[in-house]
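Engineer: Before we start, here is the structure in question, set down as structure tokens.
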Amino acid sequence: MLKIDVVRSVAALRAATRPHRHDGKRIGLVPTMGALHQGHLELVKAARRHAGFVVATIFVNPLQFNPAEDLDAYPRDEATDLNLLAATGADLVFAPNVAEMYPKHFSTEVKVGGLTKYLDGPARPGHFEGVATVVTKLFNQAQPDIACFGEKDFQQLQVIRRLTRDLDLPIEIVPVPTVRDEDGLAMSSRNRYLTEKERIAAALLPASLRAAVADLQAGAAAAPILEKTRAALKSAGFAPIDYVELCDAETLQPLPAAREGSRLFAAAHLGRTRLIDNWPVL
Ligand code: PAF
């Protein structure tokens, strides 16, 4: 068992980071909900490259789960997570409980408009308000100079960039490329819900998106390509398919054909697991 310092209150977090900030170190933040995989560890490594003191957070945020989603079933394994974070070079872990994050009568919400109208916005009502609220709190609690987020949750990354800019938070948001298994499936804590058979079928998500990207890059109109991709996912057993969309990467507005800065997005369910993925097009 490797050793890493863990703090559970905002006061202890501030006390633990203060001396490093006074020493002139940049503070790096890696927010997570635990159940860590290689994708998270790449966030820690990126933070290490940008900061002298790296704080990882573990908090399964109830605000970003809507009532139809199973918050209680979300995987939790703190002992393994702490070991992985220590081995990857995090300096401190902030793992608050729900009462510390949301004291009695908590009633403030951070809502990012515009780009949350699309994709996961309508598919997961309340999700981005929950993410924006907890990330704003984590930023205020840890006061990092930089914070790392994965491109796998691309819409989340854009929501966080937007709120950081709009609220003038003095934090550099560092995007980190998606980490994939050998067959192309994007790593996700939720992949552990997949049965053996579903795990094999899951590889069809990145494969069909890559095929669509190639067609879109060749100049094909989006609508028939998106329809073909939905049909391929359906016949591989994905149901329901929440969306397969070509969007502007900045505004996330759907596009009729590929153009500079477009990106392909998909979200679909396989058994009890919801998978998402995205690829740059042009
Ligand atoms: O990406 C996640 O794990 C979560 O949405 C985040 C950013 C830690 C906020 O709870």
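Values in this text are rule-based calculations from the coordinates and carry no lab data. Small disclaimer: the values here were computed from a predicted structure and weren't measured. Cβ atoms come from the backbone with ideal geometry, glycine included; neighbour counts cover every protein chain shown.
Engineer: Identify all residues within the range 108-120 that are within 15 Å of the ligand (Cβ to nearest atom), part of a helix (DSSP H, G or I) and more than 14 Å from the chain's Cα centre (by Cα); write none if there are none.
Structural biologist: 116
Engineer: Suppose the filter is more than 13 Å from the ligand (Cβ to nearest atom), touching a residue at least 12 places away in the same chain (Cβ under 8 Å) and in a strand (DSSP E or B); does residue 6 pass it?
Structural biologist: For residue 6, the condition - more than 13 Å from the ligand (Cβ to nearest atom), touching a residue at least 12 places away in the same chain (Cβ under 8 Å) and in a strand (DSSP E or B) - is met.
Engineer: Sort out which residues of the range 26-47 are touching a helix residue (DSSP H, G or I) at 6+ places or on another chain (Cβ under 8 Å), surrounded by fewer than 20 Cβ atoms within 10 Å (Cβ to Cβ) and in a helix (DSSP H, G or I), and write them in order of number.
Structural biologist: The one that is touching a helix residue (DSSP H, G or I) at 6+ places or on another chain (Cβ under 8 Å), surrounded by fewer than 20 Cβ atoms within 10 Å (Cβ to Cβ) and in a helix (DSSP H, G or I): 45.
Engineer: Within the range 121-136, work out how many residues are near the ligand (Cβ under 9 Å from one of its atoms) and among the acidic types (Asp, Glu).
Structural biologist: Within the range 121-136, residues that are near the ligand (Cβ under 9 Å from one of its atoms) and among the acidic types (Asp, Glu) number 0.
Engineer: Okay, moving on. Just checking, how many residues over the range 249-280 are under 18 Å from residue 207 (Cβ atoms) and β-branched (Val, Ile, Thr)?
Structural biologist: Within the range 249-280, residues that are under 18 Å from residue 207 (Cβ atoms) and β-branched (Val, Ile, Thr) number 2.
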